[in-house]
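The values are calculated or read from the model by the stated rules, or taken from the named source; none is laboratory data. Keep in mind it's a predicted model, so treat the numbers as computed, not measured. FYI the Cβ positions are ideal-geometry reconstructions off the backbone, even for glycines, and counts take in every protein chain you see. For accessibility, only protein heavy atoms count, side chains too; no ligands or nucleic acids. Shrake-Rupley method; radii C 1.70, N 1.55, O 1.52, S 1.80 Å.
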Amino acid sequence: MSDPPRMLRLAGVDIGTLTCRLLIADLSPGGHMVARRSERRILRLGEGVDQTKRLNGAAIDRVLHCLKEWREIINVSSVERVAVVATSAVRDATNRDEFLDRVKRETGFEVEILTGDEEARRTLLGIRSGLPAGVTNLLALDIGGGSTEFVLDRSGQSLVVRSIDIGVVRLCERLLHHDPPTSEEVRQAREWVARETEAAVADMGNYQTATFVGTAGTITSLAAMAQKLPSYEPARIHNYRLQLDTIQELEHTLLIRKKANRTGLPGLEKGREEVIAAGAIIIQTVMETLGISAVLVSDLGLREGVLIELAKRSR
């Protein structure tokens, strides 16, 4: 007689273009997840990659310092298996193999570079694990540092994934050169986002009937700002409905301020002062282009999806 399935303690690390995230959690056979430790740090690994196609040394050092700390945390947390993934910045960098070799040598982590499609699929696993009852068909938006993914998931139909090479770091470095951005820079940014959004959904079919769900730092930060939260409260951010007119007001508030004057705005995470304006431009333009008036905010995303996938493979 076989033993019954048991809880698995797993660790996932997401090495993003802007932010690195750690999640240690217990997962039940039924898929229920209980977080034991959760951290995120804005380290900007993708700094300069859009222009140079290379990860720079200082950014690599920042990430490696963080990963070494997290290795120690994982080592004392009774973790059974670990998954480490990297996204747009590492995907695009010509020196990615050097980076992966250093990570392996200095931390022991084996890093999986996710394609845009696989990143979207695992993000969707994370989002799906925490949706309110009654949400079946959804159009998910994941705004990252180097890219943005659109994922249309409808009952009984194949997943449709479109990844565009616009993220908050890439948009800042390519177009938003002044502090605060000039009206001409903002106009060019909106045009670029609108053009890429239209192309992304052109062959998606009837996405209008799906629930629009947003994940990752831009959208969760705007949800925190909309509620003027003094500190990040996942329970108040997760499944919050963020209205387009609120995003428009927040975008205006951000674009009239210099980066230094955004510091301390209620709900804005320290370290996100420069890129939050770019993020607001992206989400606002996407919603206006698609004719969508509200977004359901998910505090769950890629790192939860990484653990769910790891649990499936482990069992």
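Which condition does Thr197 not pass, out of (1) under 21 Å from Arg272 (Cβ atoms); (2) open to solvent by less than 20 Å² (accessible area, probe 1.4 Å); (3) part of a helix (DSSP H, G or I), if it passes all the others?
Only one criterion is unmet by Thr197, namely (1).
Would the range 168-180 turn up any residue that is acidic (Asp, Glu), more than 18 Å from Thr253 (Cβ to Cβ), modelled with pLDDT under 95 and surrounded by fewer than 21 Cβ atoms within 10 Å (Cβ to Cβ)?
Checking the range 168-180: at least one residue is acidic (Asp, Glu), more than 18 Å from Thr253 (Cβ to Cβ), modelled with pLDDT under 95 and surrounded by fewer than 21 Cβ atoms within 10 Å (Cβ to Cβ).
When the residues of the range 9-30 are narrowed to those that are over 17 Å from the mean Cα position of the chain (by Cα) and open to solvent by 20 Å² or more (accessible area, probe 1.4 Å), which ends up modelled with the lowest pLDDT?
Here the answer is Gly30.
Residues of the range 172-213 being of a type outside the set (Gly, Ala, Ser) and under 27 Å from Asn239 (Cβ atoms), which ones?
Answer for the range 172-213, where residues must be of a type outside the set (Gly, Ala, Ser) and under 27 Å from Asn239 (Cβ atoms): Val193, Thr197, Val201, Met204, Asn206, Tyr207, Gln208, Thr209, Thr211, Phe212, Val213.
Out of the residues in the range 181-194 that are over 21 Å from the mean Cα position of the chain (by Cα) and assigned to a helix (DSSP H, G or I), state the one that is surrounded by the most Cβ atoms within 10 Å (Cβ to Cβ).
Of everything passing the filter in the range 181-194, Val186 is surrounded by the most Cβ atoms within 10 Å (Cβ to Cβ).
So Ala202 passes all but one of these: (1) open to solvent by 50 Å² or more (accessible area, probe 1.4 Å); (2) touching a strand residue (DSSP E or B) at 6+ places or on another chain (Cβ under 6 Å); (3) at pLDDT below 95; (4) under 20 Å from Thr285 (Cβ atoms). Which condition number does it fail?
Just one mismatch for Ala202, condition (2).
Does any residue in the range 41-66 that is in contact (Cβ under 8 Å) with a residue 60 or more places away in the chain and among the small types (Gly, Ala, Ser) come within less than 6 Å, Cβ to Cβ, of a residue that is assigned to a helix (DSSP H, G or I) and open to solvent by less than 20 Å² (accessible area, probe 1.4 Å) six or more places away or on a different chain, and which pairs are these?
Gly46/Ala89; Gly46/Val169
Does Ile74 fit the bill of being among the β-branched types (Val, Ile, Thr) and not in a helix (DSSP H, G or I)? Give the steps one after another, and end with the answer.
Working: among the β-branched types (Val, Ile, Thr): yes; not in a helix (DSSP H, G or I): no.
For Ile74, the condition - among the β-branched types (Val, Ile, Thr) and not in a helix (DSSP H, G or I) - is not met.
Within the range 98-107, is even one residue closer than 25 Å to Thr218 by Cβ and of a type in the set (D, E, K, R)?
Scanning the range 98-107 turns up no residue that is closer than 25 Å to Thr218 by Cβ and of a type in the set (D, E, K, R).
I'd like to verify a number: residues in the range 31-59 that are crowded, with 17+ Cβ neighbours inside 10 Å, farther than 22 Å from Lys270 by Cβ and of a type in the set (Val, Ile, Thr), how many?
Total satisfying the criteria: 1.
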